[in-house]
Amino acid sequence: MNPEETTQKPRIGVLLVDDQPLLRMGFRLILEGEEDLEVLGEASDGAEGVKMALELKPDVVLMDVRMPNMDGIEATKRIAEQLCGTKVIILTTFDLDEYAFSGLQAGASAFLLKDVAPEELVNAVRLVASGDAVVAPRVTARLLETYVRSASPARGAAPAPERDPLLEDLTPRELEVLGAMSEGLSNAEIAHRFFLSEATVKTHVRRILTKLHLRDRVQAVVYAYETGLVIPSQGLDY
């Protein structure tokens with residue numbers, strides 16, 4: 001047996017969920033052009049997407065938002081609740097989409113614009129599958145800031161929530177790393193900022209997610225904004 005065959009990494013399985021056949025076909029062509037990616041199936045609505053996800057257990061689901069029978073938000077919620085090893089990327093037509101924000105709240109790991117460049121699509125799937133980084137982090141942060149502002153007390157919303165007691169379990173360094181995560185920085189960028197190794201950063205990230213009972217790092221960003229830990233256009237509120 002060829003030694004290289006024994007060390008070959010398993011392919012990343014992807015499920016496409018979108019009611020537009022042409023978009024699914026385009027994404028399939030792009031993804032299947034990569035040796036490490038494999039399209040396991042296609043679904044045309046959220047209900048079918050959930051069913052296929054439970055059967056196929058893909059690593060990543062590319063999920064449209066607006067679909068018949070069951071929308072992408074509800075489908076994302078069900079997948080996130082039932083398949084802890086499956087990551088969901090929300091597909092949207094424009095970056096400041098309230099449905100994309102709802103998708104992140106429902107358990108999606110990231111979102112992408114439907115007109116994403118092929119190389120960005122491929123990179124996004126790999127990043128989300130690895131759990132190492134948030135896709136388009138600064139766009140994600142801008143999306144969150146927009147909807148946090150729209151729910152500000154000035155517009156009649158409830159005042160900011162009290163500090164979450166779980167934060168007391170974080171060390172000062174973990175608080176710093178959480179702040180950097182909330183800015184959308186990758187592990188490499190966080191390591192550079194704090195003069196740490198990437199392995200150390202990964203350890204901090206894992207501990208933060210565990211202590212705060214969060215699914216992944218994009219949920220940490222949502223958490224930081226929803227709990228008032230991060231104030232739009234300002235730094236981390238320690």
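Considering only residues in the range 152-182 that are loosely packed, with under 11 Cβ neighbours inside 10 Å, farther than 12 Å from LEU229 by Cα and charged (D, E, K, R), the one that is modelled with the lowest pLDDT turns out to be ARG155. Scanning the range 102-119 for residues that are in contact with a strand residue (DSSP E or B) (Cβ under 8 Å, 6 or more places away or on another chain) and open to solvent by 40 Å² or more (accessible area, probe 1.4 Å) turns up just one, LEU113. Sub-7 Å Cβ pairs linking a first residue in the range 36-55 that is charged (D, E, K, R) to a second residue that is surrounded by 18 or more Cβ atoms within 10 Å (Cβ to Cβ) and assigned to a helix (DSSP H, G or I), at least 6 apart or interchain, are GLU42/ARG24, ordered by first then second residue. Within the range 170-219, the set of residues being of a type in the set (A, V, I, L, M), assigned to a helix (DSSP H, G or I) and under 28 Å from ARG78 (Cα atoms) comprises LEU178, MET181, VAL205, ILE208, LEU209, LEU212, VAL218.
What is the residue count in the range 98-122 for residues that are assigned to a helix (DSSP H, G or I) and at pLDDT below 90? It would help to see each step written out before you state the result.
Residues of the range 98-122 that are assigned to a helix (DSSP H, G or I), as a first pass: 98-106, 118-122.
Keeping just the survivors that are at pLDDT below 90 gives 98-106, 120.
Number of matching residues: 10.
State yes or no: is GLU48 of a type in the set (Asp, Glu) and surrounded by 15 or more Cβ atoms within 10 Å (Cβ to Cβ)? When the stated conditions are applied, GLU48 passes them. Filtering the range 28-38 to residues that are open to solvent by 10 Å² or more (accessible area, probe 1.4 Å) and assigned to a strand (DSSP E or B) leaves only GLU38. Taking the conditions (1) in contact (Cβ under 8 Å) with a residue 24 or more places away in the chain; (2) closer than 16 Å to VAL128 by Cα in turn, LEU113 satisfies each one other than (1).
If you go through the range 81-95 and keep only what is open to solvent by 60 Å² or more (accessible area, probe 1.4 Å) and not charged (D, E, K, R), you end up with GLN82, CYS84, THR93, PHE94.
When the residues of the range 39-85 are narrowed to those that are acidic (Asp, Glu) and assigned to a strand (DSSP E or B), which ends up farthest from the chain's Cα centre (by Cα)? Lay out the reasoning, then the answer.
Our first condition is that a residue be acidic (Asp, Glu); within the range 39-85, this holds for 42, 45, 48, 55, 59, 64, 71, 74, 81.
Right, trim to assigned to a strand (DSSP E or B) and you get 42, 64.
On the way: GLU42: 20, ASP64: 14 Å.
For the range 39-85, the residue satisfying everything is GLU42.
The values are calculated or read from the model by the stated rules, or taken from the named source; none is laboratory data. These figures come from a predicted structure and were not determined experimentally. Neighbour counts run over all protein chains shown; Cβ positions are idealised from the backbone, glycine included. Surface accessibility is based on the protein's heavy atoms, side chains included, excluding ligands, DNA and RNA. Shrake-Rupley method; radii C 1.70, N 1.55, O 1.52, S 1.80 Å.
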